[in-house]
Structures are given as structure tokens and as C-alpha cells.
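The values are calculated or read from the model by the stated rules, or taken from the named source; none is laboratory data. Remember, predicted model here, so these are calculated numbers, not experimental data. So basically every Cβ, Gly included, is an ideal-geometry build from the backbone, and we count neighbours across all protein chains shown.
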Amino acid sequence: MSDFELNGLVDDAKKGDEFALGKLCEYFYGKVYRFLFYKVSNIEDAEDLTSEVCLRAVKALKHQNGSIEAWIFRIASNILTDFYRRRSVRKVVENRNDIDEKMFAKNNGNESLLLQRELQQKLAHLTKEQQDVIVLKFIEGYETKEIADILGKPEGAIRALQFRALAALKKEYVKQD
Amino acid sequence: MSNEIENILDICLDELKAGTDIEILLMRYPDHAAELKPLLGLALEMNQLPKPKPSQEKISETLVKVGKEVSKGYRRPKRSFRDVFLWQPKLAWVTSGIFALILTVLTMSTLSANSAPGDLLYPIKLATEKVKFILTFNSESKAELRLTFSEERLNEMLDISQQSGTIDTLLLKSMLIQAQLALEQGEISDEKALPFLNKLQNVNNYQKKTLQNLRPSVDSSSRIILDRAIETCGMRERWLVQIINEETIQNSNTVPPTPKPKQIGKKQWQWGPGCGCN
């Protein structure tokens, strides 16, 4: 979807156009889901949190200003923080090897899912900011400038974060080998 | 140095995403090739990693939730007065107009309360009295209002006579008519009949005495008019005494009836013969 189309949808949704609102939710659901997928322990949590992001965004859409993508990911990030605080699961998430076995067992033989799980496990050893940069850059495919906008940091800081995050992630893969 | 590798990595990542081969990129930056190679390799793997897909069922569930949320509040947001006026400027104008009208009417009626015949605001005073009368629905209150108007006309007439030494016959006539209409206004309940007659008698006596006091200070032609009015008040006084006596006797002889709260008696009178004020 082009920026022009996206901005048009946002304007219509703000005016109460249900169709535009539905389209926006569908568009961002996948993006937010992928962002959260690599940060929580199981698919159900990722789906529930994504729904929560959509609902919170719909409620607050009238007051949205600036980049819609940055705004949505900020909501997702806030909801994730609340989620960790609520469940005190940060430690559990850091040890993702032991969790969600049922989900992966169910998809035994699905190579994609195994690779995704592996990345999920490695990411857990990175800082929150490094995780954000990796997911936004390589999973979501955002440019450095867009990531800077989403995370509210200067582009230089994002480049530095990106370098350190990639190096740290590579170390995790090397450790495994 | 550190900044340089971060910038080079960023450029390489963009090119990698665009489809440039890793080897070509490494050849461009031979000094950093060793450091860049594993990072670009990892980046390429991640770029090629299939993206997690949410279940369609969950997306639909969320859309239903969003729909419910929309129907709850988003579609019809609670609007503040400011918002309503912001979106409907016509309504703002109409409301402001109504407020301005109410304010003007209240101001004018307050200012006109003490006006005298001939004043610019006097017609507003009369109009306000009419509106008050129309907006009063209880016949007893209407009768009270008639008495108030009658007293008001007397005061106005006194003011004019003090200034000019003549009698305003229209005001005098209006005073007498309002008092007459007060009695004929409508039905008055049994329990309020005697107090109302007493009040009417007091007003009538006061008007008669005031006219008598006024008589020496006016010219001869006005005196003739005053005499007729005083005579009318006198006749009314006698008639009222008679009626009040009858009411008093009737009340004292009446054995307390069985309570019938919904059948309260009503009284209505007409001035006796010769009590007209023409």
C-alpha cells in the first residue's frame, strides 16, 4: 500500500468510515503480529496482543498525528511493556527453549516455523532496542529512516544499534554452532 | 572508525535488500570485508526467512471486535457543545440568536418595569404583562395577577396626576376593569374564596381612598371622572361586604363534610348590578 493510499485510509477512518477502519486493521494486523511474534513466547499471546493493539488504535485514532506506522508500533511497544509487567514473564521469555513446545510440535516438519523459532530464541538474548531494530529492519523491511521515526531515535543511533544488534545475533548463532 | 562501519553496513543492507550480491558488496569495501561478511550473511538469511502469518480466524475475530468498538463509541462519539457548534455553525448562530433574544427580552422587561405611560418602554411593560398573564395557567393566579395589574395602573395614574394635575382616564378605566376581571376571572376553590374576597376588598378600599385623596388636587373636569370611579368603588365595596358576610355565614354553618378531596367546590362571582366601570 502506498503512503498516499494509507494516508487516505487514515483520514477516512478518522471520519468514522468503517470500511477504511477495517482495511487499516487488516493492513496493520500482519505487521504488528510479526513484530510481536518475535518478542513473546507463543502464538496465542502474539495474536491476543495484536488484537489489543488494533482495538487501542481504533479507540485513539482520532487523536493520531504524524506517521501512522510509527504511532501503531509505539502502541504495540507500550502494550508489550504492559504485557511483560502484567505477567512478569521477561525471565520466561528469555528462556524460550522451554516454551511453546506444543505449538512447534504441532507443526513438526515445518522448516519455516523452525527457522522462525530459532530466530525468536536468539533474539531473546538481545536488548529490547536491538530486538526492535532487527525485527523492524529484517522482518518488517523498514528503512533506517522509518525505524528512527518509529523508535523516536536519530538515524545515527539506529545505524549503531543495527550494527551492534546484528553482531550480537551473529554471536548467538555462532555459539550454537 | 566505528561510525564508518555502521554507515557502510547500513548502505550494504539497503543494497542487499535491493538484490545486490554479497560478494560485490564486499569487494566495494575490502577494508571491512571480514567484519561485514558474517553480518551480511545473517541479514540475507533473515531477509529470506518466511514471515510469520497470523491466522485468518484471528484477524476476523479482531475485525469483529473492532466493529463492536466502532458501534459502541467511535461512530457516534460523544460530542461536546463545542464540537456540535464546530460542525454545525448554523446551529451555533440559531442558539446564539435565541440566547440574545432571551437576554434582550429579560433586559427590556426589567428596564420597562418602572416605565410610565408615554415612555418608550411602556408598550414593552404592557406586553410583558400580557405574556405573564398568558403563561399563567392557574385561574386563581390569573385573578391575583389582575389585581396586581389594577394596582399598577393606579400607581401610574397617580404619577401622572402628580406631574400634570389631570387624570388619565384610560389608566383609571384600566384599573377598574382589571379589578372587575380579577373577580370574574374564573372559578376559585371554596377554601381560597374568602381570602381572595378579602384581598379584593382591601384593594378596592385602597383604590377608593387613594382616589378620594387625589380628588382635591385635580382640576374640575378630572374631578367629575374621579367621582364616578369613587362611586363605582363604593358600590363594589358594599357588594363585597355583602358577599363576604354570606360566605362567612355559609362557612360557619357548614357541618364538616365527609372528605371528598377530588370534589372541591368552586366559586364564581359577577359584580352586582351597577358595578360596571364604564
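Considering only the range A:139-168, state which residues are at pLDDT below 90, part of a helix (DSSP H, G or I) and over 11 Å from residue A:70 (Cβ atoms). Selection gives A:139 alone. Residue pairs whose Cβ atoms lie under 7 Å apart, separated by 6 or more positions or on different chains, with the first residue in the range A:148-177 and more than 9 Å from chain B (Cβ to nearest Cβ) and the second of a type in the set (Gly, Ala, Ser), are A:149/A:67; A:149/A:70; A:150/A:70; A:154/A:148. Do you know which of the residues in the range B:56-73 that are at the interface with another protein chain (Cβ under 7 Å from one of its Cβ atoms) and under 19 Å from residue A:116 (Cβ atoms) is nearest to the chain's Cα centre (by Cα)? Checked the range B:56-73; the qualifying residue nearest to the chain's Cα centre (by Cα) is B:59.
Which of the residues that make up the range B:140-164 are under 20 Å from residue B:204 (Cβ atoms), in contact (Cβ under 8 Å) with a residue 40 or more places away in the chain and of a type outside the set (Asp, Glu)? The answer is B:142, B:143, B:147, B:150, B:154, B:158, B:161.
Residue A:16 meets each of the listed conditions (1) surrounded by fewer than 22 Cβ atoms within 10 Å (Cβ to Cβ); (2) at negative phi apart from (2).
Residues of the range B:127-182 that are among the charged types (D, E, K, R), assigned to a helix (DSSP H, G or I) and within 17 Å of residue B:221 (Cα to Cα): B:173 alone.
Elements of the type helices (runs of 4 or more DSSP H) sitting completely within the range A:4-89 and holding at least 2 residues that are polar (S, T, N, Q) and facing chain B (nearest Cβ under 8 Å): these cover A:43-60. Taking the range B:145-179 as the range and being out of contact with any Phe, Trp or Tyr (no Cβ under 9 Å at 6 or more places or on another chain), surrounded by fewer than 20 Cβ atoms within 10 Å (Cβ to Cβ) and within 15 Å of residue B:125 (Cα to Cα) as the test, the residues that pass are B:148, B:152, B:155. Residues in the range A:31-76 that are within 25 Å of residue A:114 (Cα to Cα) and surrounded by fewer than 19 Cβ atoms within 10 Å (Cβ to Cβ): A:42, A:44, A:48. Condition check: more than 31 Å from the chain's Cα centre (by Cα) and charged (D, E, K, R). Does residue B:119 satisfy that? It is false that residue B:119 is more than 31 Å from the chain's Cα centre (by Cα) and charged (D, E, K, R). Inspection of the range B:113-125 finds no residue satisfying the criterion of being within 16 Å of residue B:229 (Cα to Cα) and outside any loop (DSSP other than H, G, I, E, B).
Collect the residues in the range B:109-120 that are crowded, with 16+ Cβ neighbours inside 10 Å and in contact (Cβ under 8 Å) with a residue 12 or more places away in the chain, keeping them in residue-number order.
B:109, B:112, B:116, B:117
Tallying residues that are surrounded by fewer than 15 Cβ atoms within 10 Å (Cβ to Cβ) and of a type in the set (D, E, K, R) within the range B:1-27 yields 4. Just one of the numbered conditions (1) part of a loop (DSSP other than H, G, I, E, B); (2) at pLDDT below 80 is not true of residue B:70; which one? Only one criterion is unmet by residue B:70, namely (1).
Please indicate, with yes or no, whether at least one residue in the range A:128-138 is within 14 Å of chain B (Cβ to nearest Cβ), surrounded by fewer than 13 Cβ atoms within 10 Å (Cβ to Cβ) and either modelled with pLDDT of 90 or more or under 16 Å from residue A:39 (Cβ atoms) (or both). There is no residue in the range A:128-138 that is within 14 Å of chain B (Cβ to nearest Cβ), surrounded by fewer than 13 Cβ atoms within 10 Å (Cβ to Cβ) and either modelled with pLDDT of 90 or more or under 16 Å from residue A:39 (Cβ atoms) (or both).
Does residue B:5 qualify as being under 22 Å from residue A:156 (Cα atoms), touching a His at 6+ places or on another chain (Cβ under 8 Å) and within 10 Å of chain A (Cβ to nearest Cβ)?
Taking the combined requirement at face value, the residue satisfies it.
Looking only at the range B:14-55, count every residue that is among the aliphatic types (A, V, I, L, M) and facing chain A (nearest Cβ under 7 Å) and tell me the total. Total satisfying the criteria: 5. Among the residues of the range A:1-24, are any at pLDDT 85 or above and hydroxyl-bearing (Ser, Thr, Tyr)? No, because not a single residue in the range A:1-24 is at pLDDT 85 or above and hydroxyl-bearing (Ser, Thr, Tyr). Kindly establish whether residue B:37 is in a helix (DSSP H, G or I) and under 60 Å from the mean Cα position of the chain (by Cα). Considered against the rule, which asks whether it is in a helix (DSSP H, G or I) and under 60 Å from the mean Cα position of the chain (by Cα), residue B:37 comes out as no.
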